[in-house]
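Coordinate-derived values only; no laboratory data. Bear in mind the structure is a predicted one, so any value in this text is a computation, not a measurement. Here the Cβ positions follow ideal geometry from the backbone for every residue, glycine too, while neighbour counts run over all protein chains shown.
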Amino acid sequence: MSRSDFQSNPSSALNRRRLLQIAACAGAAAALSGCERNSSEAMTGSIKPNGVFEASSLTGADWTFHQEGETERLPAVVPGSTYTDLLRNGKLPDPYYRENMDKVQWVAEKNWFYERTFHISDEMLTRKHLRLQCDGLDTLATVWVNGHHIGDADNMFRQWSFNIKPFVHRGNNTLRIKFSTLEPTVRKLSASYKARYGINLTDPRCWIRKAPYMWGWDWCRPMLTQGIWRDIRIESFDAKITDVGVHQHHRPDGSVRLSVHTSAIGAPADSKLVVTVSLGGRTVTTGIGRIQGGSSIVDLTITQPELWWPNGMGAHPLYRVTVELNQANFVLHSHSCRVGLRTAEVLPPKDGVAMHIKINGIPVFAKGADWIPADNLPTRVTPEILRYYMKTAADCNFNFIRLWGGGYYEQDELFDLCDELGIMLQFEFKFANDTYPVNDKTWMDNLHVELEQQIRRCRNHPSIVIWSGNNEIRRFKGYYHLFGDVIGGEVHRLVPGAFYEVGSGAAGSGDIHAWWVWHGKAPFNWFRSFNGFVTEFGIQSFPAPQTVDTYTDAADRESIHSPVMRYHERDGSGHGIGIIMHYTHMYFGRSPDNFDDTLLLTQLDQSYGIRFAVEHWRRDMPRSMAAAIWQFNDCWPAPTWAMIDYDRRWKTVQYQSRHFFAPIIVTGIPDRKNKTAPLHVTSDLQKDASGVLQWLVTDLDGNQLLSGHRDIHIPARTSLNAHTLDLTHEAEKLGENNILIWPTVIINGQIVAQNTLFFPRPLELKLPRPQISHTIRGAGRQYHITLTSDKPALWCFLRLKKARGQFSDNFFHLCPGREMHIYLTLDEPLSPTDITDELSIGSVYDLAPDMRQA
Ligand code: BMA
């Protein structure tokens, strides 16, 4: 049936219902989180009978913007910011290049206007509500429609909804939004607070509800964006579902009761709510309810639930819950979200067992990293970019990511991805390292709305297992009121049963940030003296050479200490590059002469320290139950603690994370004094496993000194000392510094874990030069590289000159007599001859002069 059939026969109830469903769903998709994102184009040109929710988008390129006091109006794209629009118009240099950040600060000191026209139809005017809905205004905004002031905004994290009905007319209308510079407001607020309470709070971060990192952090420079940074649209409706919260109760008999709490405005007395739960397109159960006093609860039972599990523990099935507000045969509005059926508990540290997460009653060791905003300009972070990161996390065996409190509340897509991939999230409210004006009623009222909106938006995501009030805030007067009563109170009210902690890294909580290595300059050995639920620890390194090329010129690359190289490093000490080199020298000796090789050596050092820590904490389970690496990603190209640099090139530690976070690992603590090497096998598997532990002991030339194997049985979720090698004889003959231990775990004929262990720091291994041979097969974008070496090639690496591509593995230890197979996927196809030119292969021998045999 064509649309014209329908238009000529509008009384057909069936047809009307179908069309209404399309319209309602598109509207709901735009309006609410977690919705299926149906294209609102589906509605274009269709008849939308009165009463039905309709959303018309105001995003896109129909905007202009200008600086206050200037006449030049430039095209703008929404969502975006003053920075993205100025860049697009060629009015700013690349802010990430060299020292350009200084040259772009002026933008935030000005006031800016964004303008466009929008269309209002007769039909929209007939509906009771006509609203301008803004999902994100950054930050101090004043809004006019047709010259009428319709409202103000002062919180980047809130959704703003303005009644425009009295101010619009049929046809074209104008919308104008002013974004004001922050400083005058901050000054005013802080002076008034001081006058009233005698407390001097001058940090703008505490006054303005805006992503704290935008004022700069110890890994980025300030960039205070202004603009419409999320969806914006006109909504017209008589009735609207404003929120759906799905609470789950897991019963002892295994069934799950879902309580679907719906809030709606304008629901007609004769309307009903139809709730449908489906899995993989198949309806599992349905229920009917009625909105009374603005809300409704519909209880449903799923008798044979398919449970949601974290990555590595099982599947992550997502049930779709659809709520339709129906009147007669019409769907006035609908909302749809996905839920994963699981219980999530977090237990406090007790009797030698660290704080830990339990999913469906099973303890989980949390493996992953801390997420920061993926750009200084948030609207540049597309869903594809988020997918790249989250997919990488899952592929590298992460099951946990902490959404650090100094950024912004992430887009729905990030939560959706983590639901799909089984990545547990620590959701942190956006408060970091500051003191806040808890006595100020206006500030607190504003915060209350933010909390309610953000919790409602995110609460159905099964991936969120920890809610945390802040990042590392020291106690101040009113701390417990703010983070305990107010924020904790809102979480408990809106997400009953959820785990909430006042802060991450807060003294006394089980959730620990371990910074004695790096900020405390302690050696990596310190990690072995520490245990718990560790949600931050890190070591800095430089980004990949090709990434450094993007922000430097040739002269800047003459030294890692050049002014531009220093400009991008932001550690609070003011000499972060010195600390990077301090650790690199401590473990790998002097740096090479070559700039690019020096960058790479710092990555080896970072990965060595992180691996050292993770292996210890996993071995130490359950005295330790989380290892979240600071930090997963970067927001601009710079030397930082990141595992993946801003240009999305994996550092050494990212490659290695797949191994040290693998379900089974084999590790060891070679003991110089006793000349033994206890070999530990750690398993996160849900089932007991039986297999073989093999070991090979060689000298540095790769000559076999010893080999052996034994059968092992590893109970589910345990760490055990599977065997201890006595190397007294070998150590006495050759010295401990000349021994390499190569353990392997084989289960069902498959190698599931491998490692290379040695007694001293890497620096003390004096290695012979390995001859690494390789063959390349393949064409276009896919190549298969086979590597062998005549001598142990430690930290064997492959790199490309200019081409971009992803290696299946890198920075591995190549044992003579074993083949290593690496798969390379290029972004752009290359001929076999070109790939031979592009590819270079080396090992730590080439990078660390102090590790070469005399
Ligand atoms: C922790 C984090 C961040 C910081 C990092 C490195 O304190 O919470 O605030 O960037 O350490 O110093």
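Data overview
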quantity: Sites residue 274 and residue 303 - FRET efficiency at Förster radius 25 Å, r taken between beta-carbons, to 0.05; calculated: 0.80
quantity: Extended-chain gain in nm, criterion 0.36 nm per residue less alpha-carbon gap, residue 777 and residue 529; calculated: 84.6 nm
quantity: Centroid-to-centroid separation of region 159-231 and region 650-676 [C-alpha atoms, Å]; calculated: 47 Å
quantity: Projected label distance in nm at residue 73 and residue 764, using a 7 Å step from Cα toward the beta-carbon; calculated: 7.3 nm
quantity: Amide N of region 544-558 lying under 14 Å from the label point, which is placed 7 angstrom from the Cα of residue 649 along Cα→Cβ; calculated: 544-553, 557
quantity: Cβ-Cβ FRET estimate between residue 152 and residue 328, R0 fixed at 41 Å, reported to 0.05; calculated: 0.50
quantity: Amide N proximity, region 175-202 versus residue 105 label position 7 Å along Cα-to-Cβ, cut-off under 16 Å; calculated: 182-184
quantity: Rounded to the nearest 20 debye, dipole of the chain from Cβ charges on Lys, Arg, Asp, Glu; calculated: 1580 debye
quantity: Antiparallel content of DSSP bridges confined to the chain, in %, to 5; calculated: 85 percent
quantity: Dimensionless Rg over Rh [region 332-482; C-alpha; Kirkwood]; calculated: 0.98
quantity: Taking all pairs of distinct alpha-carbon atoms in the chain, Kirkwood radius in angstrom; calculated: 29.4 Å
quantity: Backbone N under 15 Å from the residue 255 label point (7 Å along Cα→Cβ), restricted to region 286-329; calculated: 286-287, 299-306
quantity: Distance between modelled label sites at residue 724 and residue 750, nm, 7 Å Cα→Cβ extension; calculated: 3.3 nm
quantity: Net length gained if the chain between residue 850 and residue 165 were fully extended (0.36 nm per residue, minus Cα distance); calculated: 239.2 nm
quantity: Cβ-based net charge around residue 71, under 15 Å, with every Lys or Arg adding one and every Asp or Glu removing one; calculated: -1
quantity: Across 240/272; 391/430; 367/391; 391/651; 675/766; 651/802, pairs whose alpha-carbon gap is larger than 23 Å; calculated: 391/430
quantity: Ratio Rg/Rh, restricted to region 437-528 and using Cα atoms, in which Rh is the Kirkwood radius; calculated: 1.07
quantity: Label-point separation, residue 711 to residue 586 (7 Å along Cα→Cβ), nm; calculated: 4.5 nm
quantity: Sorted by Cβ neighbour density within 10 Å, fewest at the top, the residues 208, 664; calculated: 664, 208
quantity: Size of electric dipole in region 366-481: Cβ of Lys, Arg +1 and of Asp, Glu -1, about Cα centre, debye, nearest 20; calculated: 380 debye
quantity: D_trans [Stokes-Einstein, Kirkwood Rh over alpha-carbon pairs] for region 251-384, 4 °C, 1.567 mPa s, µm² s⁻¹; calculated: 72 µm²/s
quantity: Alpha-carbon centroids, region 102-118 and region 480-513: separation in whole Å; calculated: 37 Å
